[in-house]
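Contents: one structure, followed by commentary.
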Amino acid sequence: MRTIGVLTSGGDAPGMNAAIRAVVRAGIYNGMKVMGIERGYNGLINGHIKEMELSSVADIIHRGGTVLKTARCEEFKTEEGRKKAINVLKVFGIEGLVVIGGDGSFAGAQKLSEAGIKTIGIPGTIDNDLAYTDYTIGFYTAVNTVLDAIGKIRDTSASHDRANIVEVMGRHCGDIALYAGLAGGAESVILPEEEYNIDEICKKLIQGKNRGKLHSIIMLAEGLGNAFEIGKKIEEVTNIETKVTVLGHIQRGGNPTAFDRILASRMGARAVELLMDGASGRVVGIRANQLIDMDIHEALLIEKKFDKEISELTKMLSI
Ligand code: ADP
């Protein structure tokens, strides 16, 4: 293989840059030309492609976002759109493609592979919603961002004896709320994977207050109701002033943590290795700290299991 391409697609995640750097450097180290495709499948269809040099990825390992930019592309979901993309790949002589993104991006990569383009996926999303891998690039950085915010919220709410609802991202996956809930010492965590009982949450808040607790944190995963209405309900029942913070897109930014930089570097290099071995239609993951790779279709069929151990532990430690 003489020329490979790399793109980032879907929602961005801290650590995508470290993954791009690893693909570019590992590709060049192994004697290949590496082309950077801008704005995901959009850039592929429209030929927004440039050759990456060693220096193109200098000074980016520590930066959030993605220097290749990212986008969503409806046209790529059509047969016609993909035909255009395949032609562009041929014109640029790109024989193998590394796609850094989430499940949607992987579905696109699989279709390219079925059409004869060698593709490898790297999981880049803060949501940690891909079941085949223990962690996705960006997840732990997002959890740290939430923890940073919780620390600040604790400072101010302790001064005012307040309760706080902190709404975090994750789409249909509660991992950010769950892990940040445990690490941030949240009193309650509301997740898509578990039924919750507002009366239980209120009871816990009242009991805590009676024991002299100065403030409380309730983690709320997005998409489970209006945070402000939940806050109002809690305030009415408990008589504890309840503030709401919706963290939003700050969770998608920031310098990647050491864990995400190392994960991205390992996965990027492995993706290049797989292309050199002639593999296609596979995704790179990590299980028990060992890199793995598997068929994209199989990987996307695995259902995400809810981490009951972390959930039970959070409950036990927040009594
Ligand atoms: P993520 O990769 O973060 O899950 P999306 O679900 O938005 O993000 O997918 C990113 C892009 O991948 C889409 O805009 C589209 O171009 C492509 N894509 C998603 N699903 C498919 C599909 N079933 N077939 C082909 N391309 C897809």
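Here is the figure for region 41-73: residues that are more than 12 Å from the ligand (Cβ to nearest atom) and either among the basic types (Lys, Arg) or farther than 28 Å from PHE139 by Cβ (or both) total 11.
SER157 passes every criterion in (1) in contact with a helix residue (DSSP H, G or I) (Cβ under 9 Å, 6 or more places away or on another chain); (2) over 21 Å from VAL23 (Cα atoms) apart from (1). Taken across region 280-291, residues that are of a type in the set (D, E, K, R) and assigned by TED's automatic domain parsing to the domain that holds MET32 do occur, with at least one present. Among the residues that make up region 135-153, is at least one of them over 13 Å from the mean Cα position of the chain (by Cα), charged (D, E, K, R) and either farther than 15 Å from MET169 by Cα or not assigned by TED's automatic domain parsing to the domain that holds GLU38 (or both)? Checked against the condition, which is being over 13 Å from the mean Cα position of the chain (by Cα), charged (D, E, K, R) and either farther than 15 Å from MET169 by Cα or not assigned by TED's automatic domain parsing to the domain that holds GLU38 (or both), region 135-153 yields at least one hit.
ALA115 meets the conditions (1) surrounded by 17 or more Cβ atoms within 10 Å (Cβ to Cβ); (2) free of Cβ contacts under 8 Å to residues at least 40 places away in the same chain; (3) of a type in the set (A, V, I, L, M) in every case but one. The failed one is (1).
Of the candidates GLY170, GLY151, the single residue that is in contact with a strand residue (DSSP E or B) (Cβ under 6 Å, 6 or more places away or on another chain) and under 29 Å from ILE137 (Cβ atoms) is GLY170. Of everything in region 74-108 that is within 8 Å of the ligand (Cβ to nearest atom), hydrophobic (A, V, I, L, M, F, W, C) and in contact (Cβ under 8 Å) with a residue 60 or more places away in the chain, the residue that is nearest to SER56 (Cα to Cα) is PHE106. Here ILE190 qualifies as surrounded by 22 or more Cβ atoms within 10 Å (Cβ to Cβ), in contact with a Phe, Trp or Tyr (Cβ under 8 Å, 6 or more places away or on another chain) and either modelled with pLDDT of 95 or more or assigned by TED's automatic domain parsing to the domain that holds VAL168 (or both). Of the listed requirements (1) more than 16 Å from the ligand (Cβ to nearest atom); (2) touching a residue at least 24 places away in the same chain (Cβ under 8 Å), GLU38 misses just one: (1). When ASP12 is tested against the conditions (1) touching a strand residue (DSSP E or B) at 6+ places or on another chain (Cβ under 9 Å); (2) away from the ligand (no atom under 14 Å from the Cβ), the lone failure is (2).
The number of residues in region 118-135 that are more than 10 Å from the ligand (Cβ to nearest atom) and in contact with a Gly (Cβ under 8 Å, 6 or more places away or on another chain) comes to 8. So is TYR29 away from the ligand (no atom under 12 Å from the Cβ), at pLDDT 95 or above and of a type in the set (Ser, Thr, Tyr) or not? Criteria met by TYR29.
In region 295-309, the residue that is surrounded by the fewest Cβ atoms within 10 Å (Cβ to Cβ) out of those that are within 19 Å of the chain's Cα centre (by Cα) and not basic (Lys, Arg) is GLU303. Going through (1) surrounded by fewer than 23 Cβ atoms within 10 Å (Cβ to Cβ); (2) closer than 26 Å to THR257 by Cα; (3) within 14 Å of the ligand (Cβ to nearest atom) one by one, ILE153 falls short only on (3).
The values are calculated or read from the model by the stated rules, or taken from the named source; none is laboratory data. Computed from a predicted structure; not experimentally measured. All Cβ positions, even for glycine, are placed from backbone atoms using ideal geometry, and neighbour counts span all protein chains on display.
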